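FYI, it's all coordinate maths here, none of it is from the lab. Model, not experiment: these values are computed from the prediction. Every residue, glycine as well, gets a Cβ built from its backbone with ideal geometry; the counts of neighbours run over all protein chains shown.
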Amino acid sequence: MNNVEGIFKAYDIRGKVGSELSATVAEKIGFAFGNWLPEKNAVVVGRDMRPDSLELSQAIIKGLAEQGREVWDIGEVTSDMIYFTVGKFGLAGGAMITASHNPGEYNGIKLCREEAKPVGEESGLFEIRDVVIKNLTSDTVLTNIKGVIKERDVTDDWIEHVLSFIDADELKPLKVAVDAGNGMAGKIFPELEPHVPFYITEMFFELDGTFPNHIANPLDPNNLVDLQKMISQEKCDVGVAFDGDGDRAVLVDEKGEALSGSVMTAILAKFILEKYPNSTVLINAICGRIAEETITSNGGKCIRTRVGHSFIKADMRENNAVFAGEHSGHYYFKENYMADSGLIAATIMLYIMSLSNKPLSQIAAPFRQAYVQITETNFEIIDKDAVLKKIAEVFSGDKQDNLDGLSVNFKDSWFNIRASNTEPLLRLNAEAKTEDELDSLVKKVTAIIGEFS
């Protein structure tokens with residue numbers, strides 16, 4: 001088995017099916033995870049719609065049962081339903097078989113412990129990795145007690161939980177186009193529909209882990225083209241695009257323009273701070289300045305954190321934050337066990353639209369007008385450290401921080417360059433007051449990166 005160590009990333013497990021992640025590896029992960037978990041009660045396992053997710057799910061369940069664990073098999077679900085199930089029912093932990101928005105040849109596993117606490121590089125994932133590697137090269141001693149495996153359906157509980165974030169009686173009959181990208185939202189979103197007055201146009205709701213229509217990554221503008229056409233064709237008030245495992249949502253306004261993660265973070269933070277005044281809100285290192293400005297102007301305390309769910313969830317607990325937003329479209333809620341949810345975020349946004357009686361473009365306008373940002377740009381670089389060192393030297397006279405990669409701040413602009421936690425890439429984000437200033441900044445940074453490509 002090649003490069004098993006390499007599939008353990010900063011905050012999840014992800015690799016190519018067969019050559020890196022197999023049923024054998026998944027079973028060892030389940031066995032190690034079951035032993036590592038501090039609490040002794042049941043563990044929940046769910047999966048997405050990828051062709052090999054069932055096999056991997058069965059393997060990790062087998063490994064957990066070999067540790068004597070009771071296992072709840074909740075079948076095909078969105079990732080946020082795993083976090084909810086662990087928190088709601090007081091379970092010891094959970095495992096979700098998914099590679100999120102990655103292409104079909106990949107799969108992965110997201111792990112959490114009691115109260116939906118994250119399992120990442122700084123919270124146990126690498127300890128589990130070391131045990132898995134050891135067990136793959138030696139005979140594993142199994143327990144004599146086999147755990148009980150139970151099939152459970154938590155869908156009704158989940159939908160009730162999602163609706164608890166709003167007053168459903170205040171919802172207006174909006175026309176909503178929803179693009180599930182052949183991912184898990186195609187199974188779960190219909191369960192919400194009977195409870196809301198929306199006129200829904202369903203797009204690519206058929207579960208298909210080969211992604212025949214487009215990759216379920218709503219951050220890529222190319223993957224929003226079909227949704228934008230549908231909004232125009234059906235004269236929809238709004239569109240919602242989910243990623244493959246349904247824990248991210250991107251909204252597109254009635255004019256076909258997507259809301260960035262920074263803009264949605266700002267809008268959601270304002271709404272939540274009205275409910276919980278003077279509270280702490282987290283944003284990740286690449287969120288635009290409008291998010292921080294909105295939080296502070298609405299009486300909140302803003303704290304920046306590293307990119308990635310395991311870091312953010314831990315920081316939320318440490319700072320007792322009520323909400324956190326990532327520029328990548330992940331939104332975390334204290335009332336959701338400090339976990340992220342695409343469906344909760346989308347439902348709250350539709351509720352905000354209903355209360356305002358304004359089109360989404362008007363709601364978003366004040367947040368969009370302050371700054372312009374590039375779409376996150378990726379570079380395949382062998383010596384990432386050398387690039388970061390060179391950029392730091394070039395901008396040595398400017399304000400810098402190393403919270404996550406390298407951020408360089410100017411009066412009216414900033415950029416961040418960081419190594420991907422899941423792929424062999426450097427990622428560039430940048431923002432400025434004007435397009436000209438942004439173009440100038442990006443050209444200067446990319447010219448330096450180009451010296452190493």
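Take every Cα pair under 8 Å whose residues are at least 6 apart in sequence, average their separation, divide by the length of the chain, and the relative contact order is 13 percent. Relative contact order of region 77-203: 21 percent, from C-alpha pairs under 8 Å at least 6 residues apart in sequence. Seen from residue 89, the other residues with C-beta closer than 13 Å to its C-beta sum to a net charge of -3, counting Lys and Arg as +1 and Asp and Glu as -1. Protection proxy ranking for 235-247, 382-394, using the average of other Cβ atoms within 10 Å per residue and placing the highest first: 235-247, 382-394.
Remark: region 236-250, residue by residue, has Karplus-estimated 3J(HN,Hα) of 6, 6, 6, x, 10, 10, 9, 8, x, 9, x, 9, 10, 9, 10 Hz, where x stands for each Gly or Pro and the curve is 6.51 cos²θ - 1.76 cosθ + 1.60 at θ = phi - 60°.
Using the Kirkwood radius over C-alpha pairs as Rh, can you work out the diffusion coefficient of the chain via Stokes-Einstein at 25 °C, viscosity 0.890 mPa s, in µm² per second?
Values: Rh = 22.5 Å.
Translational D for this selection: 109 µm²/s.
Close amide H pairs (under 5 Å, H built 1.01 Å from N) link residue 243 with 248, residues at least 5 positions away or on another chain. In the chain, the calculated helix contribution to ellipticity at 222 nm averages -11000 deg cm²/dmol per residue, counting -39,500 (n - 2.57) for every DSSP H run with n ≥ 4.
Going by a ≥ b ≥ c, the root eigenvalues of the Cα gyration tensor, does region 157-253 fall in the rounded group (a/c under 1.5), the prolate group (a/b larger than b/c) or the oblate group? Present the calculation step by step, with values, prior to reporting the outcome.
Working: a/c = 2.02, a/b = 1.31, b/c = 1.54.
Verdict is oblate for region 157-253.
Rounded is the label for region 1-155, because a/c, from the alpha-carbon gyration tensor with a ≥ b ≥ c as root eigenvalues, stays below 1.5. Using the Cα coordinates of region 261-368, the gyration tensor eigenvalues translate into equivalent-ellipsoid semi-axes of 20, 14, 13 Å, sorted from longest to shortest. Remark on residue 258: its backbone amide H falls under 5 Å from those of 253, a criterion applied only to residues 5 or more positions apart or on other chains, H modelled at 1.01 Å from N.
If Lys and Arg each add +1 and Asp and Glu each add -1, what is the summed charge of the other residues whose beta carbon sits under 10 Å from the beta carbon of residue 38?
Details: positive: 40, 113, 117; negative: 39, 114.
Local net charge: +1.
Among 97-105, 177-185, what's the highest-first ranking by average C-beta atoms within 10 angstrom per residue? Write down the numbers at each step before the final one.
On the way: 97-105: 22.8, 177-185: 28.6.
Result, highest mean Cβ count within 10 Å first: 177-185, 97-105.
Computed about the Cα centre, the dipole magnitude for region 157-253 is approximately 360 debye when only Lys and Arg (+1) and Asp and Glu (-1) carry charge, each at its Cβ.
Give the percent of DSSP beta bridges with both residues in the chain that are antiparallel, rounded to the nearest 5. Write down the numbers at each step before the final one.
Details: 41 of 71 bridges.
Close to 60 percent.
Over region 261-368, what relative contact order in percent results from Cα pairs under 8 Å that are six or more residues apart?
On the way: 178 pairs, mean separation 30.4, N = 108.
It comes to 28 percent, rounded to a whole number.
Take the Kirkwood radius over Cα pairs of region 372-450, plug it into Stokes-Einstein at 4 °C and 1.567 mPa s, and you get 103 µm²/s for translational diffusion. In order along region 335-345, the Karplus-derived 3J(HN,Hα) couplings, from 6.51 cos²θ - 1.76 cosθ + 1.60 at θ = phi - 60°, round to 6, 10, 6, 6, 9, 8, 7, x, 5, 5, 4 Hz, and Gly and Pro are given as x.
Taken one residue at a time, the phi angles of region 271-285 give Karplus couplings (6.51, -1.76, 1.60, θ = phi - 60°) of 4, 6, 5, 5, 7, 10, x, 6, 9, 8, 10, 9, 10, 7, 5 Hz. Gly and Pro are set to x.
Hey, got the dipole for the chain? About the Cα centre, +1 on K and R Cβ, -1 on D and E Cβ, debye to the nearest 20? Walk me through the numbers on the way to the answer.
On the way: 46 positive and 69 negative charges, 165 e Å.
Dipole of the chain, to the nearest 20 debye: 800 debye.
Listed by chain and number, the aspartates and glutamates whose C-alpha is less than 12 Å from the C-alpha of residue 150, apart from same-chain residues fewer than 8 away, are 70, 73. Once backbone amide H atoms are built at 1.01 Å from N, residue 71 has 43, 148, 149, 150 as its partners under 5 Å, excluding neighbours fewer than 5 places away on the same chain. Taking a ≥ b ≥ c as the square roots of the Cα gyration tensor eigenvalues, region 39-85 comes out oblate, since a/c reaches at least 1.5 and a/b does not exceed b/c. Extension gain, residue 130 to residue 394: 0.36 nm times the residue separation minus the Cα-Cα distance gives 91.1 nm.
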